Each structure stands twice: as structure tokens, then as C-alpha cells.
Amino acid sequence: MKNGTITAVRGIQVGHATNRRARTGCTVVLCTAGAAAGVDVRGFAPGTRETDAIRPGQLVGKAHGILLTGGSAFGLDAASGVMRFLEERGSGFPTAHGVVPIVPAAVIYDLGVGDARIRPDKAMGYRACKAATDAPVPTGRIGAGAGATVGKAPGLHPADGGIGSACARLPGGATVGALMVVNAVGGIVNPDSGTMIAGGPKVEVGRKSPPEHGPGMPGTNTTIGVVATDAALSSTEANVVAAMAHDGIARAIRPAHTLRDGDTLFALSSGKRKADVNAVGILAAEVVAQAIVNAVAR
């Protein structure tokens, strides 16, 4: 596969906007034609927007873009720029008085890394959209991953996180991709070897003795991301895939889903390929884990 990132999924574009001095930024995943969407929040300190609109049984059930951003709750302002960009192009939920773009969003807390006075805003969200393409996604300390850090639990060594992506194909031809912003309290583990590769010493991680949490501020961590597929899914099935994909976070981050994390995953279905939802969810967990590893690979 020439493109090993989420943009290998037909109908998906990704764009970054970065303030390198302030070490913050945002990343947008565009699906301008609309995509069946779902979400699953496992962390206990999330910062999100428009998640209820894409939960099972809701009227809309689709998204036209997903925003991943730094800046803590302040960064949610960047979603307004994404909405403006999409509205200008006629992309959104049709109403009697024009389209309303549906742009769910999630944030990481990066205020303690660069300049806390500078956060992603409407203008930055718009710039990320203008930069969006279906080319392979640039990864590392860019966009929403610019100020991401990992390994903040006692016994681990803090290190830079980042944004990473991966994709794979099911035997029937459907593609599943993931884009992950890794800002975890835990360390990053190679799920194949069990070796800690960022945020801690390079030793085998024992399942019976995970690092313990010390005192800390809830919400200062979080791993957020998007899973996309060209398999035909309903909104309910997209929510199932989002839930199953969280297994990839648990495989690649130790510990994960803690009181101090706001782990949130979105899922998008942008195509019409036939595929079993269980197979999509299983592969989604695998590409999520690989995208997390790729986020810290330097």
C-alpha cells in the first residue's frame, strides 16, 4: 500500500495547522460528502464537542469533519473555522435555511508545554481545512500533536508524544485507517514485543505491575483519534467500531483510560464496500495501536 495513513481511505482528507513556537495546533479530518459517524469516550476527563449528534439513534448520524486539537477546552473554538470552511463549500446537514456542517471535536491538554496563552482558534481551524489533502499524512510533532507528551506517571520518563497514522486492508478489500494524537499519562508500548518505546525505560512491561499514578490534575492527558473506513456502516455500526478500536489504545499505552485521561475515538464510514462490522472493528484496533506507535517514532 503506497499510502500507509488514514487518507488511503477513499473520501478522507487530513490537514494540519501548527504554531511551533507555542507548541500547539489542530488537525482536521474532512469527509465533505458526509460520512456515517460514531464516537466512544473511555477516558474520564474528556474535552469534546458534538459527540451526542453521532451517538446511536440520533437524527443526524453523520459528520462532515472531525477536529482534533490542542489548547484544552479553549481549542474547541477551532471547530468554528472548520464549520465555516465546510459551509462555504455547501457541505453539511441540509436544513430549510442552509447547510449546517456537523463537526465533532476532541481536545488534548497541552497548555503546560509551550505558550498557554496561545491556543487553536477559528482561524487555525480554517487553515487546517485549507491544508487538507488526500496525500499521506505528515506525522510526529505537528498539528494537534505539536504539544503532546507521554510518560507522566511515576516511574516513567516524560517524552514527546505526537500524531501518528496507519492503515490496513481487509481480505475483502475494505480499507481501515487511524489517526491518533498521543498525549497519554502512560508510556507507549510496542504491542508486538511489549517493550516500552516512549515515556519510560526500554524494558519489558509486566502486566501484573503497571506503573502507579501519583497526584496530578485530571484532564492534562488524553489520547484522541479517528478511525475511518470505506466499508459501508450505519451510524450504529460506526459507534461499535469506535468502541472496539479502543482496544488498540489499551494495547499500545500503559496505563490507559485512567481518571486523568480523556481518551476519545471517532469512527467514520465514507464508502460502500461490503464488510462485516466485527472484522472492521478488529482491524480498527490493530491500526489504532500501530498509529500510536507511529506517533512517537522519530
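Restricted to strands (runs of 3 or more DSSP E) entirely inside segment 30-101, those with at least 2 residues that are closer than 30 Å to residue 184 by Cβ are 62-69.
Might you let me know whether segment 103-122 holds any residue that is part of a loop (DSSP other than H, G, I, E, B), in contact with a helix residue (DSSP H, G or I) (Cβ under 7 Å, 6 or more places away or on another chain) and hydroxyl-bearing (Ser, Thr, Tyr)? There is at least one residue in segment 103-122 that is part of a loop (DSSP other than H, G, I, E, B), in contact with a helix residue (DSSP H, G or I) (Cβ under 7 Å, 6 or more places away or on another chain) and hydroxyl-bearing (Ser, Thr, Tyr). In segment 22-40, the residue that is nearest to the chain's Cα centre (by Cα) out of those that are closer than 23 Å to residue 146 by Cβ and surrounded by fewer than 24 Cβ atoms within 10 Å (Cβ to Cβ) is 23. Selection of segment 164-204 for residues being open to solvent by 20 Å² or more (accessible area, probe 1.4 Å), touching a residue at least 12 places away in the same chain (Cβ under 8 Å) and polar (S, T, N, Q) yields only 190. Give segment 218-258 a look and list any residue that's among the aliphatic types (A, V, I, L, M) and either part of a strand (DSSP E or B) or out of contact with any Gly (no Cβ under 7 Å at 6 or more places or on another chain) (or both), or say none. Once the filter is applied, which keeps residues that are among the aliphatic types (A, V, I, L, M) and either part of a strand (DSSP E or B) or out of contact with any Gly (no Cβ under 7 Å at 6 or more places or on another chain) (or both), segment 218-258 yields 224, 226, 227, 228, 231, 233, 243, 249, 250, 252, 253.
Being buried (at least 24 other Cβ atoms within 10 Å of the Cβ) and either under 21 Å from the mean Cα position of the chain (by Cα) or within 30 Å of residue 2 (Cβ to Cβ) (or both) is a property that does not hold for residue 136.
Pairs linking a residue in segment 45-56 that is over 14 Å from residue 76 (Cβ atoms) and open to solvent by less than 20 Å² (accessible area, probe 1.4 Å) to a residue that is charged (D, E, K, R) and modelled with pLDDT of 90 or more, with Cβ atoms under 8 Å and 6 or more positions apart or on different chains, are 54/62.
The values are calculated or read from the model by the stated rules, or taken from the named source; none is laboratory data. Not measured: the values here are computed from a predicted model. FYI the Cβ positions are ideal-geometry reconstructions off the backbone, even for glycines, and counts take in every protein chain you see. Heads up: the accessible areas ignore ligands, DNA and RNA and are worked out on the full protein's heavy atoms, side chains in. Shrake-Rupley method; radii C 1.70, N 1.55, O 1.52, S 1.80 Å.
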